[in-house]
Amino acid sequence: MRAMLLVNPKATTTNQRTQDVLIRALGATMDLTVEETGYRGHAAHLARTAHAAGFDVMAVLGGDGTINETVNGLLEADDGESAADRPALLVIPGGSANVFARALGLPNDPVEATGMVLEAVGQDRRRTVGLGQALWEGQSRYFTFCSGLGYDAEVIRAVEGMRGTGLKATPARYVNTALRHYLSTDKRHAAMTLEGPGIPPAQGVFMAVVSNTSPWSYVGPRPVCPTPWAGFETGLDLLGLQRLGPAAMVHLLSQIIGTRETLPSGRHLVQLHDEKEFTLTAERPVAYQLDGDYLGEVESVTFRSIPNALQVVV
């Protein structure tokens, strides 16, 4: 089995010694080629190269951003291929949140996760998962677990700015940034409208979370589940907030932190489950993120569900 392993040398939760151990373990079971990512977009380029060269497995040691780039590189051609025609994806968590890996059921510890994926390799155990696709301003990008417009994307933008100064993206930093940002957020003038085929339009949306799986994120070990019914085998889910007041937010947070099986309730929530397509438009530019990666400000994004898009070794 030929595999290319992409290693993000700046992965948050692994050091060089740990990376060397994991590479040796993977190399003992596969014909392994190792490549380090060096710049934004490099993982996508390497994934395209591996696909064209006929590799069987595309492995990633890194965080959700590196995984997202890799997935987009594998699917970039998208010329009618099935999931079986593409290299299977193998992930080892190395980032700060590792939402995709944990949603697949992998341990958050990279050494433990390596043991599990090596077992899957030995048994040729694979899972076919669906993806989300976002289309905006002539651009298209796939996502593995979530997208968001509004408040959550603003928080990610702020944390990415801190990371640019050398600070780590810890759970505490996200929480503190979210609290500070909430105090300065406009809670009176909602910008967004939701619409789609067979979907009643919903106006006055301040923040929208689009999910391809659950959980949406983690606060340390605790999952955050605003769309608990979302899954890799269904269409896309959405939670929209039409009120950002303190009482509404406290009520919502009490319903989404921790493992959940029921949808949050509230008169000012907009919710979708297992949808093929919908569009969010805004009367002014709003912050936009995809798999935890801030992509700028947009005024319209169409989201589509792409079923059975990719095989994952897990």
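At-a-glance table
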{"item": "Qualifying residue in region 182-190 (condition: assigned by TED's automatic domain parsing to the domain that holds Val301 and crowded, with 19+ Cβ neighbours inside 10 Å)", "result": "yes"}
{"item": "Qualifying residue in region 99-110 (condition: in contact with a Cys (Cβ under 8 Å, 6 or more places away or on another chain), touching a residue at least 24 places away in the same chain (Cβ under 8 Å) and under 30 Å from Gly204 (Cβ atoms))", "result": "yes"}
{"item": "Residue within region 257-266 that is buried (at least 20 other Cβ atoms within 10 Å of the Cβ) and either hydrophobic (A, V, I, L, M, F, W, C) or modelled with pLDDT of 95 or more (or both) present", "result": "no"}
{"item": "Residue, surrounded by the most Cβ atoms within 10 Å (Cβ to Cβ), within region 64-98, restricted to residues that are touching a residue at least 60 places away in the same chain (Cβ under 8 Å) and of a type in the set (D, E, K, R)", "result": "Asp64"}
{"item": "Flag if Thr37 is over 29 Å from Gly164 (Cα atoms), among the hydroxyl-bearing types (Ser, Thr, Tyr) and without any contact (Cβ under 8 Å) to a residue 40 or more places away in the chain", "result": "no"}
{"item": "Pick from region 116-144, criterion in contact (Cβ under 8 Å) with a residue 60 or more places away in the chain and assigned to a helix (DSSP H, G or I), ranking: farthest from Thr66 (Cα to Cα)", "result": "Gly122"}
{"item": "Criterion: closer than 18 Å to Gly292 by Cβ and polar (S, T, N, Q) - qualifying residue of Thr29, Thr18, Thr66", "result": "Thr66"}
{"item": "Looking only at region 58-72, and only at residues there that are part of a helix (DSSP H, G or I) and aliphatic (A, V, I, L, M), the one that is farthest from Ile156 (Cα to Cα)", "result": "Val71"}
{"item": "Region 219-243: number of residues that are in contact with a His (Cβ under 7 Å, 6 or more places away or on another chain), more than 23 Å from Pro285 (Cβ to Cβ) and surrounded by 18 or more Cβ atoms within 10 Å (Cβ to Cβ)", "result": "1"}
{"item": "Contacts under 6 angstrom Cβ, first residue in region 1-20 being among the hydroxyl-bearing types (Ser, Thr, Tyr), partner part of a helix (DSSP H, G or I), 6 or more apart", "result": "Thr14/Pro110"}
{"item": "Residues (surrounded by 16 or more Cβ atoms within 10 Å (Cβ to Cβ) and among the β-branched types (Val, Ile, Thr)) located in region 191-218", "result": "Thr193, Val205, Val209, Val210, Thr213"}
{"item": "Pick from region 278-310, criterion aromatic (Phe, Trp, Tyr) and either closer than 21 Å to Gly130 by Cα or outside the structural domain of Val159 (by TED's automatic domain parsing) (or both), ranking: farthest from the chain's Cα centre (by Cα)", "result": "Phe278"}
{"item": "Hey, Asn8 out of contact with any helix residue (DSSP H, G or I) (no Cβ under 9 Å at 6 or more places or on another chain) and either farther than 14 Å from Ala88 by Cβ or buried (at least 22 other Cβ atoms within 10 Å of the Cβ) (or both) or not", "result": "no"}
{"item": "Residue that is surrounded by the most Cβ atoms within 10 Å (Cβ to Cβ) [pool: residues in region 272-294 that are among the acidic types (Asp, Glu) and more than 17 Å from Pro200 (Cα to Cα)]", "result": "Asp291"}
{"item": "Entirely in region 163-251, the strands (runs of 3 or more DSSP E) that have 2 or more residues that are farther than 25 Å from Glu299 by Cα and without any contact (Cβ under 8 Å) to a residue 60 or more places away in the chain", "result": "222-224"}
{"item": "Residue satisfying condition, being farther than 28 Å from Gly164 by Cβ and exposed (fewer than 14 other Cβ atoms within 10 Å of the Cβ), within set Ala28, Ala3, Ala50", "result": "Ala28"}
{"item": "Residue satisfying condition, being at pLDDT 95 or above, among the polar types (S, T, N, Q) and on the phi < 0 side of the Ramachandran plot, within set Thr170, Thr177, Thr213", "result": "Thr213"}
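The values are calculated or read from the model by the stated rules, or taken from the named source; none is laboratory data. Predicted model, so just to flag it, every value in this text is computed and none were measured. Because the Cβ atoms are built from the backbone with ideal geometry, glycine has one as well, and the counts that use them run over all protein chains shown.
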